[in-house]
Amino acid sequence: GSALRLRLPPAEHRRVLSAALRRPPRHGRGPLLLYVLDLTELPDPVLPQLPALLGPGVPASGVLVVGNKVDLLPADCRGHLGRLRQRVAAACALAGLRGDALVDIRLVSAKTGYGIEGLISRLQRSWKCAGDVYLLGATNSGKSTLFNTLLRSDYCKSRAPDIIDRATVSPWPGTTLNLLKFPIINPTCDRIFRRQERLKEEATKTEDELSSEEKKYLNQLKKQGYLVGEVGRTFQPQKSNAEIDFDPDMLSYSMDEDPRDTPKKREEREEFTHNEVKDARWCFDTPGIVKEDCVLNLLTEKEVKLVLPSHAIVPRTFILKPGMVLFLAALGRIDYLEGEKSAWFSVLASNLLPVHVTTLSNADTIYEKHVAQELLKVPMGGEERMKEFPPLVPQDITLKGVGTTEAVADIKLSSAGWVAVTAHAEEELLLRAYTPKGTALVVREPPLLPYISTIRGARIPGTPVYRTKKPPSFVENLRTTGSG
């Protein structure tokens, strides 16, 4: 239940994962692979490795790609979910996943529950209980969070949540050391009917009809994400003491102190009977695949907690003239070198990461004076910390604007976040972007949220900053209050 200070080499991760996948097929067919992809990380750095990881010796029955963390992304226009799904489909095709190999693409939030009931229905309708299921994904993709959510859903045998240990979830690679698993429930006709009746009944409720405890939990989820969905259980009553204070995207220990051993009273554990699991199909959690060239590999646990967004990202838009510079903490920098007109730079990153705008003539001085200090915040720890931290290295980027309401590209600063650039039509911009040496800087075209600058709010007089408010949240399986 604690996050371990452990780093496994990428080759070791691949070995453990390949060994698990190369087990002899059970029940006469290969497993279904549930690949969990972090939507904020597109293009996914691990997806192209998937065909090689499986190899010819892995008799998989297909890959179902789960685009996770959809709750973190604000809707920049109508139909943004359809566009995100198209982006994932294009990434899958580029990685060689197409045709029968790609079973489906689903957009979900393992944390807030959005899309999870639909994913379960899809699995029960097409895969039924034909064979085992393996959860794969890069570190920090939310794979273990999804495992925990499915464990407490209609996808799992009803008694299992009281018996199975849930996965330890943390930003650190290597926390899933052994293959955790839970038995998949057999979706008989009767069970599917009862489940559908529950979902229909829940969909007729409004927020006003929820209990005070349910409202409190829902409001907490709405603060954390834009898209929310309740994950219920048909075959076992929901426990009243839901663990709503557990934030699975944060480390098991606090910002300021190491984990402490808490003595626990040893309890008698329940066990499955032989008949319950003799023919069971299992859902396995697997070790996260380490992302190479990733800025998170350079950070301490406190810094990782600041960099990984755990709440809905509030976009921060700035209007810059040529000769101005934007810092995202001390992990990324974008210089606007040449252009005829002002352009808009929308930052999508953890709300805890500071953004600082200055002039080109002052930028180097600002960095040298404030790196590892409060103004730039990450990294933290002063001069001693910077002795081991790599310097920022530049990459020149040329863009041509497509209009004042549509971004031309995203500049993705490794896993620290990205900046969507919006410029006047046909306006040519020369930019210079920086990330720490050894990390990946990606120009993402087309951008993930092309119309993000249009929700920037009012300009703060005398500054390059817009006063953006958090857009409203949406609950997928509740009727809107007052609708007929």
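The values are calculated or read from the model by the stated rules, or taken from the named source; none is laboratory data. Please read all numbers here as calculations on a predicted model, not as lab measurements. Please note: Cβ atoms are built from the backbone with ideal geometry, for glycine as well, and neighbour counts cover all protein chains shown. To get the accessible areas, we keep the full protein, side chains included, count just its heavy atoms, and leave off ligands, DNA and RNA. Shrake-Rupley method; radii C 1.70, N 1.55, O 1.52, S 1.80 Å.
Ordering 350-357, 97-104 by mean Cβ neighbour count within 10 Å, with the highest value first, yields 350-357, 97-104. Here the peptides 144-157, 459-472 are ranked by packing, the mean other Cβ count within 10 Å, and the order with the highest first is 144-157, 459-472.
Projected onto planes of every orientation and averaged, the convex hull of the alpha-carbon atoms in the range 323-389 covers 4.8 nm².
Spin-label model, residue 197/residue 122: points 7 Å from Cα along the beta carbon direction are separated by 2.8 nm. Taking a ≥ b ≥ c as the square roots of the eigenvalues of the alpha-carbon gyration tensor, the range 296-471 is classed prolate because a/c is 1.5 or more and a/b outweighs b/c.
Between residue 78 and residue 208, the modelled label-to-label distance comes to 2.7 nm, taking each label 7 Å out from Cα in the direction of the beta carbon.
Structure note, pairs 111/400; 302/470; 400/470; 215/377; 387/469; 128/470: Cα-Cα distances above 32 angstrom occur for 111/400; 215/377; 387/469; 128/470. Taking 7 Å steps out from each Cα toward its Cβ at residue 365 and residue 130 produces label points 6.7 nm apart. Packing, as the average of other Cβ atoms within 10 Å across residues, places the peptides 381-390, 288-297, 119-128, 79-88 in the order 288-297, 119-128, 79-88, 381-390, highest first. Taking all protein chains into account, the per residue accessible area for the range 296-471 stands at 41 Å² (1.4 Å probe). Less than 11 Å Cβ to Cβ from residue 104, Lys/Arg counted +1 and Asp/Glu -1: what total charge do the surrounding residues give? So the surrounding residues net to +4.
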